[in-house]
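K.L.:
There's a structure below that I have some questions on.
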Amino acid sequence: MNRTASIRTTGVLPDAAAVQRRVLRVLVASQVLSGAGLAAGVTVGALLAQDMLGATGLAGLPSALFTAGSALTAVVVGRVSQRHGRRPGLAAGYLTGAVGSLGVIIAAVLDNPVLLFVALFVYGAGTATNLQARYAGADLAPRDHRARAVSTVLVATTLGGVAGPNLAAPTGTFAEKLGIPGLAGPFLLSGAAYALAALVLAVRLRPDPLLTARALADAGPEGAPVGGTTTATDVREGRGGVVLGALIMVLTQLVMVAIMTMTPVHLHDHGHGTAASGVVIAVHIAAMYLPSPLTGRLVDRVGRLRIAAASGLTLLASGALAATAPGDSVALLALALALLGLGWNFGLVSGTAIVTDAVPLATRARTQGMVDVSIAVAGATGGISSGLVVAASGYPVLALTGGVLSLAVLPAVAAAAYRAEPRRSAAYRR
């Protein structure tokens, strides 16, 4: 018997606020773990492929593969969550990511590029699940606190996300002692981290936030989480809101993945080792997640559309700085990657809030899963094209192109604001 049926039978309604606090605590714990798993693979994935293939042009392929794998996982996790709740969907996603990590290690030991690519595809399940968890944080949140709930889940990724890249060198040394190639060492960490995250969710995410939200909604207004007016009313509801939110997140993901993927390779080509790449990626991931609490408040108070516009401008600044920074300047590249992470954060939090506002509980998880498919496809495109662009034209061209492309967010946001103006005027007159 699921949670909704149980509440209907017993007539006992849970306290939405209390359940939400518990849900956020569990999600925070799982995100700390999964952040380490996510960041470890990002740090060395391109370097591992470059080492095994001996070619820079295909160095972006690992990022493309695990983001493509995350696209498939987003569909599966979304559908499982729609039918059975967030807990089984998220736990299965992280467990699959752990299996992929193990596959990468085996591929490195066997020096088998084909197995490496298959394993990286499976490893992408962890990336998708890490993103899908943010939706679980918003299921029971009032409308005018949704962005803050999403940001709480995202910021939890910071601890693991910063630790993961900085453990690349130590885990590489540990792996070599076990007879495993050093570049595969971080995947030992990611496998353990994803497995533990799956265990935490499977055991502790009770009651399930999505099923509880449905039960409260079915029970009537007295059981539903308290809503509230917000500047989110600027956003067109329904399909238009889903398209707008998805577009914002797709563009920010495409630009972020493309530039991030090739930065370790760019550093390596200028004589820097894994430790330098780890520092730069750690700064980048910290900027992706650490500002989330502030971003959430800004999105709820200032407005979804304004922060979405800020994401495009911040990504442009990042691309321009990365393109002009000397290849031997770790500090400037770290700053560029910090701006890249911040722009992505603005886009993800505002886009997530827009999509969540636009879809009803009855179809929420499935729609969110499909939105994340488009985000994953964008990431795969950015990953695979990044290596080709750098091989043909160089890293500065890639960075500047990404920055300019991010400006496409602005006309979409302006159009949404223009469409919303008559509704705001009518509401003011009433």
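K.L.:
Checking Ala215 against (1) crowded, with 19+ Cβ neighbours inside 10 Å; (2) assigned to a helix (DSSP H, G or I); (3) modelled with pLDDT of 90 or more, which test does it fail?
P.N.:
Here Ala215 clears every test but (3).
K.L.:
Okay, next question. If Gly124 meets every condition in (1) within 22 Å of Val373 (Cα to Cα); (2) surrounded by fewer than 24 Cβ atoms within 10 Å (Cβ to Cβ) apart from one, which number is that one?
P.N.:
(2)
K.L.:
Let me ask something else. Select, from Ala417, Ala376, the only residue that is under 30 Å from Leu140 (Cβ atoms), modelled with pLDDT under 90 and buried (at least 23 other Cβ atoms within 10 Å of the Cβ).
P.N.:
Values: Ala417 fails: buried (at least 23 other Cβ atoms within 10 Å of the Cβ).
Sole residue among the options that is under 30 Å from Leu140 (Cβ atoms), modelled with pLDDT under 90 and buried (at least 23 other Cβ atoms within 10 Å of the Cβ): Ala376.
K.L.:
At pLDDT 90 or above and either among the hydrophobic types (A, V, I, L, M, F, W, C) or assigned to a loop (DSSP other than H, G, I, E, B) (or both): is that true of Leu102 in this structure?
P.N.:
Numbers: at pLDDT 90 or above: yes; either among the hydrophobic types (A, V, I, L, M, F, W, C) or assigned to a loop (DSSP other than H, G, I, E, B) (or both): yes.
When the stated conditions are applied, Leu102 passes them.
K.L.:
Within 16 Å of Val265 (Cβ to Cβ) and among the small types (Gly, Ala, Ser): is that true of Gly341 in this structure? Step through it out loud before you land on a result.
P.N.:
Working: within 16 Å of Val265 (Cβ to Cβ): no; among the small types (Gly, Ala, Ser): yes.
No.
K.L.:
Just to be sure before I move on: is Gly228 of a type outside the set (Val, Ile, Thr) and either in contact with an Asp or Glu (Cβ under 9 Å, 6 or more places away or on another chain) or modelled with pLDDT of 85 or more (or both) in the structure I sent?
P.N.:
Working: of a type outside the set (Val, Ile, Thr): yes; either in contact with an Asp or Glu (Cβ under 9 Å, 6 or more places away or on another chain) or modelled with pLDDT of 85 or more (or both): yes.
Here the answer is yes, as Gly228 does meet what is asked.
Residues checked against (1) of a type in the set (A, V, I, L, M, F, W, C); (2) in contact with an Asp or Glu (Cβ under 6 Å, 6 or more places away or on another chain); (3) touching a residue at least 40 places away in the same chain (Cβ under 8 Å):
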{"site": "Ala168", "(1), (2), (3)": "yes, no, yes"}
{"site": "Thr173", "(1), (2), (3)": "no, no, no"}
{"site": "Leu178", "(1), (2), (3)": "yes, no, no"}
{"site": "Leu189", "(1), (2), (3)": "yes, no, yes"}
{"site": "Leu196", "(1), (2), (3)": "yes, no, yes"}
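K.L.:
Could you list, in sequence order, all residues of segment 8-38 that are touching a Gly at 6+ places or on another chain (Cβ under 8 Å) and at pLDDT below 70?
P.N.:
First, the residues of segment 8-38 that are touching a Gly at 6+ places or on another chain (Cβ under 8 Å): 13, 16, 23-24, 27, 31-38.
Answer for segment 8-38, where residues must be touching a Gly at 6+ places or on another chain (Cβ under 8 Å) and at pLDDT below 70: just Leu13.
K.L.:
Inspect segment 351-369 for any residue being surrounded by fewer than 23 Cβ atoms within 10 Å (Cβ to Cβ) and polar (S, T, N, Q) and give the result as yes or no.
P.N.:
Yes.
K.L.:
Against the condition within 18 Å of the chain's Cα centre (by Cα), modelled with pLDDT of 90 or more and within 17 Å of Thr352 (Cβ to Cβ), how does Gly137 come out, does it pass? Outline the logic, then answer.
P.N.:
Details: within 18 Å of the chain's Cα centre (by Cα): yes; modelled with pLDDT of 90 or more: yes; within 17 Å of Thr352 (Cβ to Cβ): yes.
Judged against the criteria, Gly137 is a match.
K.L.:
Here's a follow-up. So which residues in segment 264-289 are touching a residue at least 60 places away in the same chain (Cβ under 8 Å) and within 14 Å of Gly347 (Cα to Cα), if there are any at all?
P.N.:
Met288, Tyr289
K.L.:
Only one of Thr43, Thr67, Thr56, Thr73 is under 21 Å from Asp372 (Cα atoms) and at pLDDT below 75; which? If you could, list the steps in order and put the result at the bottom.
P.N.:
On the way: Thr43 fails: under 21 Å from Asp372 (Cα atoms); Thr56 fails: under 21 Å from Asp372 (Cα atoms); Thr73 fails: at pLDDT below 75.
Checking each option against the conditions leaves just Thr67.
One line per residue, one yes/no per condition, for (1) farther than 23 Å from His145 by Cα; (2) aliphatic (A, V, I, L, M):
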site: Leu340; (1), (2): yes, yes
site: Gly347; (1), (2): no, no
site: Thr352; (1), (2): no, no
site: Asp357; (1), (2): no, no
site: Ala362; (1), (2): no, yes
site: Ala365; (1), (2): no, yes
site: Ile375; (1), (2): yes, yes
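K.L.:
Related question: Restrict the check to segment 290-304 and report whether at least one residue is modelled with pLDDT under 90 and either more than 10 Å from Leu342 (Cβ to Cβ) or hydrophobic (A, V, I, L, M, F, W, C) (or both). Outline the logic, then answer.
P.N.:
Residues of segment 290-304 modelled with pLDDT under 90: 290.
Subsequent filtering for residues that are either more than 10 Å from Leu342 (Cβ to Cβ) or hydrophobic (A, V, I, L, M, F, W, C) (or both) retains 290.
Yes; the residues of segment 290-304 include at least one that is modelled with pLDDT under 90 and either more than 10 Å from Leu342 (Cβ to Cβ) or hydrophobic (A, V, I, L, M, F, W, C) (or both).
K.L.:
Within segment 173-188, track down each residue that is crowded, with 23+ Cβ neighbours inside 10 Å and touching a Pro at 6+ places or on another chain (Cβ under 9 Å).
P.N.:
Gly185, Pro186, listed by residue number.
K.L.:
I'd like the full set of residues that are surrounded by 24 or more Cβ atoms within 10 Å (Cβ to Cβ) and either among the charged types (D, E, K, R) or in a loop (DSSP other than H, G, I, E, B) (or both), limited to segment 277-330.
P.N.:
Selection gives Asp300, Arg304.
K.L.:
Okay, moving on. Just to check your reading of the model, which residue among Arg87, Arg79, Arg146 is surrounded by fewer than 21 Cβ atoms within 10 Å (Cβ to Cβ), assigned to a helix (DSSP H, G or I) and among the basic types (Lys, Arg)? Quick ask: steps written out before the conclusion?
P.N.:
Working: Arg87 fails: surrounded by fewer than 21 Cβ atoms within 10 Å (Cβ to Cβ); Arg146 fails: surrounded by fewer than 21 Cβ atoms within 10 Å (Cβ to Cβ).
When all the criteria are applied, what remains is Arg79.
The values are calculated or read from the model by the stated rules, or taken from the named source; none is laboratory data. Computed from a prediction, not measured in an experiment: that's the story for all the values here. Here the Cβ is made from the backbone with ideal geometry for all residues, glycine too, and neighbour counts use every protein chain on show.
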